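Chemist: Once you've had a glance at the structure underneath, I'll fire off some questions.
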């Protein structure tokens, strides 16, 4: 004890006033002394601790832990440093503790020195920085998209894990090779950079890149030009779309494959619509009915069966009616209607996915003539075989080639619970459980395919559910040609034998189990003996270790401790010498303290020294910078206090090297700043959900939701999900939290702050650790505008497909109307009595009405080109207002707002009247109880940004006409269909469904477009946009020409494949002074022109003809005479046909049906042109 007290006296002065808690214990863990700071925490005076132990101050559990630490240090002779947590005044406190053994001159351990201090605040700062860095790094690394940062020269700075996995390169390799090495075609990168420099952002840019292993893949890039730490950098996100490209190619190949499969199937396949028209057949069906020529387009009962009306029993009709598959066997008809075989027909419904309605039926037809012949062969021997079967005591049966029962004996029928007759014609699937039935049928196929007898043991479950085992022998049946036509089977009950075998197996298994259990017991006994031996050896080692308690007395403190007096160092420990790079403490004695203080901190240190000398104040811990002997700079934390050393005033300091901690804090700070910049500038929304609350969100997510980031944080994620998708999103969230495999990417409707919905594609990155607990990280992309454009494109494609059909119909009908119109005008000159005039006027009105109807049908698809004049919108609206006022019911109020300075538009007045009237009629019908119909107009200038949001819009000046109502509104679910032709919500007979589609077609032909907004219960507004002309143009008036021009014997070549048109056109021209020759196709026209080249002054050429069509004929005629005059004639619109013949320089276009006046004026104008 005396030796311990001597050591204590040596250092007592040194530690008396330290702010760190310091204590001494003897080798029995009894306190010898402590400093004021330690005693203060225990609420005692330093002298009161002497002779006490940890049990006097701490709870039993904590005291035993401290005693165990002491024992370990006393036995090992090694210094230990640990961090510990405990609760003080209700708060968690973290302390850093250092315990070192104290030894005498002989090396014997005589006690323990302990130092500890509060590091709660520094730990909190470190944890906050680490958590922040981990959060942003986790977002960066966990994002499923590849993210990279590079400069404009292509040098790569950083890339997340997804980017490295996508390219196959490590981050270090990417930094070495640069961006350019990843491109397959360098020009693709040049083009991207050019666009980026022009716009500052590149969105959905598709490129080909190559991986480290040389493989090429497709990627979709989004690139932003950002400023990071004063430098311009490119933030790139990349998605690997190789799989999507592969799937597109695979889909094309699959479609080609399925088409080949359809063509190569040896059974007949046909697709039939509700009117029994054949839509498509495969080559097999065509071969079966060569006498019916082409089957497509004909009625199935006419082509297949030579009937004039529908079949009474038709599988296809029943499928259309019931929605279920049907089946029938019929005679196969020959070319003269005779029976020449048998067909088995299966009909299956084909459902239109969007509507859920059956649109077609597919008929699968198999020629079973050979099967019928085989069945007849089988029937010949059935009676004989049945008699044999019934005399067999075992189960026995006969089956045909399709595994249908032909005959069974009574034991078999009894097992099934039915009579033998009830099983005839059925299969195993009708009798047994599916698994058993499939097993039986597989055996049948094996016997028929190999032609060999087969013996198997298999289960049988009878009608009462009783399971037995049978031994079955199946044998093939042959016809007189040696072909297999069925199978016969005999089965014997072997259940008892199986039970005996099972009993033997059970006994054997029990014996094996007994042996295993006995072996296991012996092994456990052996392990117990080994454990006892091992425990004894460990106890002996512990005893030997406890005896080794000696080591040389060393410098006990792991921290630098120094004392300086009058500016000179008078004491420093080994840790202090090591801190500044000295070989030993003696090297530093006598040196000036200020030699080691960095110039930036010398003024602060001098002030602290002054305060301690003059006022005797202790200085709290502060961060400073020291200069080591080698000139390097380190960060330190210094605690100082006044001190008397060897009778002289001095200052004691305790110094900790915090260079590594400061470096880590700076790195964490920079990392947080980098990842914070990346996440906040990424185009996709990123957010983290924990306990159903949003704990983190970036600027992009806040922007798409309409909130600020601060408003988003803490909200329940369900508040952002639209009601229609809420159940689906919640279900997927909870299933993912439970670890189930759910789709990572899906679309949902998001509720915006203003109440509107946006469409987002949601990608769940996965479960991450956030603030020490599990959370879900999600990225989301706003695809609302993309969906809107896709909808517009889809609607445009639907219109085009219907337009193709309409064009064909219009061409044929216009060909029919042309001779009627011309004949009526010729007859009007000859028949002058009143009755004839009345009838001819009726014909005239009807033909013009038919022609106008065809123009209306075409206007919503191709855009009929009427005569375009400069028009005043105010005049158009005024005329519409007058019509509405006179014809609509009185409870409809009309409000117009037309400014005087509206721009002029160029258009067909009749067609634009039709557009506005259609919109007004729809508005009226939406207000059955009355309301307000508004018509307004204004000048609008559309820029490039606005034009991008509508596929039909172009930048430039427009006049916008709005037609609004206060009616019922349009339901959102049908909004995408309102422009479809023939779609209507009105009662039958009150609407054709062509109004809006016709209006849209007219607007497109004028270079305009339409927009609609509607709210249920409040009304609808249609906005019509028509291109404006800003130059002054006079409004054109049309003067009707009553005197028809006549010819002077000029020869005209008329070419058309319709005989009626040729005859009536020839008659009309000849009546008015022209000579005419005719041709039925282009080939004949070229031949006639070669014969009469010098006489023919003009050619009227139809565009759609067999052998040689109009464009081809015109090219041939131009070769003969480049100066030939040609009038193109067609039942389609000028827009359609002139697009194909512009390059051959025709003089003009004449649209069918045409009146004599139009024909004669056009011919006269062209012939008169020099």
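The values are calculated or read from the model by the stated rules, or taken from the named source; none is laboratory data. Predicted, not measured: the structure shown is a model, and the values here were computed from it. Positions of Cβ are backbone-derived with ideal geometry, glycine not excepted, and every protein chain shown enters the neighbour counts.
Chemist: Answer yes if at least one residue in the stretch 1074-1081 is surrounded by 12 or more Cβ atoms within 10 Å (Cβ to Cβ), in contact with a strand residue (DSSP E or B) (Cβ under 7 Å, 6 or more places away or on another chain) and either at pLDDT below 90 or in a loop (DSSP other than H, G, I, E, B) (or both), and no otherwise.
Modeler: Within the stretch 1074-1081 (the criterion being surrounded by 12 or more Cβ atoms within 10 Å (Cβ to Cβ), in contact with a strand residue (DSSP E or B) (Cβ under 7 Å, 6 or more places away or on another chain) and either at pLDDT below 90 or in a loop (DSSP other than H, G, I, E, B) (or both)), the answer is yes, since at least one residue qualifies.
Chemist: Right, next: Assigned by TED's automatic domain parsing to the domain that holds residue 148 and either more than 15 Å from residue 683 (Cβ to Cβ) or touching a helix residue (DSSP H, G or I) at 6+ places or on another chain (Cβ under 8 Å) (or both): does that describe residue 193?
Modeler: In short, yes.
Chemist: Here is a follow-up. Identify, by number, the condition in (1) farther than 23 Å from residue 594 by Cα; (2) loosely packed, with under 15 Cβ neighbours inside 10 Å; (3) at pLDDT 90 or above; (4) touching a helix residue (DSSP H, G or I) at 6+ places or on another chain (Cβ under 9 Å) that residue 723 doesn't meet.
Modeler: The failed condition is (4).
Chemist: Okay, moving on. Could you figure out which of (1) under 25 Å from the mean Cα position of the chain (by Cα); (2) not in a loop (DSSP other than H, G, I, E, B) isn't true of residue 144?
Modeler: Result: residue 144 passes all but (2).
Chemist: Being surrounded by 14 or more Cβ atoms within 10 Å (Cβ to Cβ), touching a helix residue (DSSP H, G or I) at 6+ places or on another chain (Cβ under 9 Å) and touching a residue at least 24 places away in the same chain (Cβ under 8 Å) is the filter here, so list the residues in the stretch 615-627 that pass it.
Modeler: 618, 624, 625, 626, 627
Chemist: Only one of these is over 60 Å from the mean Cα position of the chain (by Cα), surrounded by 14 or more Cβ atoms within 10 Å (Cβ to Cβ) and modelled with pLDDT under 90: 31, 55, 47, 38. Name it.
Modeler: 38
Yes/no per residue for (1) in contact (Cβ under 8 Å) with a residue 24 or more places away in the chain; (2) assigned to a strand (DSSP E or B); (3) outside the structural domain of residue 148 (by TED's automatic domain parsing):
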position	(1), (2), (3)
169	yes, no, no
173	yes, no, no
176	no, no, no
188	no, no, no
202	no, yes, no
205	no, yes, no
221	yes, yes, no
225	yes, yes, no
232	yes, yes, no
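Chemist: For the stretch 670-690, check the following and say yes or no: at least one residue is surrounded by fewer than 20 Cβ atoms within 10 Å (Cβ to Cβ) and at pLDDT 85 or above.
Modeler: Looking for residues that are surrounded by fewer than 20 Cβ atoms within 10 Å (Cβ to Cβ) and at pLDDT 85 or above, one finds at least one in the stretch 670-690, hence yes.
Chemist: Also, quick follow-up: Does any residue of the stretch 1029-1046 turn out to be in a loop (DSSP other than H, G, I, E, B), modelled with pLDDT of 90 or more and exposed (fewer than 14 other Cβ atoms within 10 Å of the Cβ)?
Modeler: Scanning the stretch 1029-1046 turns up no residue that is in a loop (DSSP other than H, G, I, E, B), modelled with pLDDT of 90 or more and exposed (fewer than 14 other Cβ atoms within 10 Å of the Cβ).
Chemist: Just to be sure I understand, how many residues within the stretch 730-753 are at pLDDT below 90 and closer than 18 Å to residue 775 by Cβ?
Modeler: 11
Chemist: Only residues that are part of a loop (DSSP other than H, G, I, E, B) and crowded, with 17+ Cβ neighbours inside 10 Å: list them for the stretch 582-594, please.
Modeler: The answer is 582, 588, 591.
Chemist: Also: Might you check whether a residue that is exposed (fewer than 14 other Cβ atoms within 10 Å of the Cβ), at pLDDT below 85 and out of contact with any strand residue (DSSP E or B) (no Cβ under 7 Å at 6 or more places or on another chain) occurs anywhere in the stretch 1001-1021?
Modeler: No; the residues of the stretch 1001-1021 include none that is exposed (fewer than 14 other Cβ atoms within 10 Å of the Cβ), at pLDDT below 85 and out of contact with any strand residue (DSSP E or B) (no Cβ under 7 Å at 6 or more places or on another chain).
Chemist: Out of (1) in contact with a strand residue (DSSP E or B) (Cβ under 6 Å, 6 or more places away or on another chain); (2) under 18 Å from residue 474 (Cα atoms); (3) surrounded by 20 or more Cβ atoms within 10 Å (Cβ to Cβ), the odd one out for residue 440 is which?
Modeler: Looking at each condition in turn, residue 440 falls short on (1).
Chemist: Next up: For residue 1065, indicate whether it is within 28 Å of residue 824 (Cβ to Cβ) and either part of a strand (DSSP E or B) or at pLDDT below 90 (or both).
Modeler: Against the criterion (within 28 Å of residue 824 (Cβ to Cβ) and either part of a strand (DSSP E or B) or at pLDDT below 90 (or both)), residue 1065 does not qualify.
Chemist: Among the residues of the stretch 938-982, write down those that are without any contact (Cβ under 8 Å) to a residue 12 or more places away in the chain and either part of a loop (DSSP other than H, G, I, E, B) or on the phi > 0 side of the Ramachandran plot (or both).
Modeler: 948
Chemist: Now a separate question. Of all the residues that make up the stretch 912-959, how many are within 36 Å of the chain's Cα centre (by Cα) and closer than 21 Å to residue 979 by Cβ?
Modeler: 10
Chemist: If you don't mind, another one. Against the condition modelled with pLDDT of 85 or more, in the same structural domain as residue 37 (by TED's automatic domain parsing), surrounded by 20 or more Cβ atoms within 10 Å (Cβ to Cβ) and on the phi < 0 side of the Ramachandran plot, how does residue 114 come out, does it pass?
Modeler: yes
Chemist: Could you tell me whether residue 72 is over 17 Å from residue 32 (Cβ atoms), at pLDDT 90 or above and more than 60 Å from the chain's Cα centre (by Cα)?
Modeler: Yes.
Chemist: Looking only at the stretch 46-69, count every residue that is within 19 Å of residue 33 (Cα to Cα) and in a loop (DSSP other than H, G, I, E, B) and tell me the total.
Modeler: Of the residues in that region, 6 qualify.
Chemist: Looking at the stretch 348-358, can you tell me whether even one residue there is modelled with pLDDT of 85 or more, outside any loop (DSSP other than H, G, I, E, B) and within 14 Å of residue 267 (Cβ to Cβ)?
Modeler: Scanning the stretch 348-358, I find at least one residue that is modelled with pLDDT of 85 or more, outside any loop (DSSP other than H, G, I, E, B) and within 14 Å of residue 267 (Cβ to Cβ), so the answer is yes.
Chemist: Taking the stretch 397-411, which residues are without any contact (Cβ under 8 Å) to a residue 40 or more places away in the chain and outside any loop (DSSP other than H, G, I, E, B)?
Modeler: Once the filter is applied, which keeps residues that are without any contact (Cβ under 8 Å) to a residue 40 or more places away in the chain and outside any loop (DSSP other than H, G, I, E, B), the stretch 397-411 yields 405, 407, 408, 410, 411.
This table checks each residue for (1) in the same structural domain as residue 572 (by TED's automatic domain parsing); (2) touching a helix residue (DSSP H, G or I) at 6+ places or on another chain (Cβ under 9 Å); (3) touching a residue at least 60 places away in the same chain (Cβ under 8 Å).
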{"position": "607", "(1), (2), (3)": "yes, no, no"}
{"position": "610", "(1), (2), (3)": "yes, no, no"}
{"position": "613", "(1), (2), (3)": "yes, no, no"}
{"position": "634", "(1), (2), (3)": "yes, yes, no"}
{"position": "645", "(1), (2), (3)": "yes, yes, yes"}
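Chemist: Would you pick out the residues in the stretch 703-736 that are over 23 Å from residue 679 (Cβ atoms) and part of a helix (DSSP H, G or I)?
Modeler: Matches in the stretch 703-736: 718, 723, 724, 725, 726, 727, 728, 730, 731, 732, 734, 735.
Chemist: Collect the residues in the stretch 917-926 that are crowded, with 23+ Cβ neighbours inside 10 Å and either more than 21 Å from residue 1013 (Cα to Cα) or in contact with a helix residue (DSSP H, G or I) (Cβ under 6 Å, 6 or more places away or on another chain) (or both), keeping them in residue-number order.
Modeler: Scanning the stretch 917-926 gives a single hit, 920.
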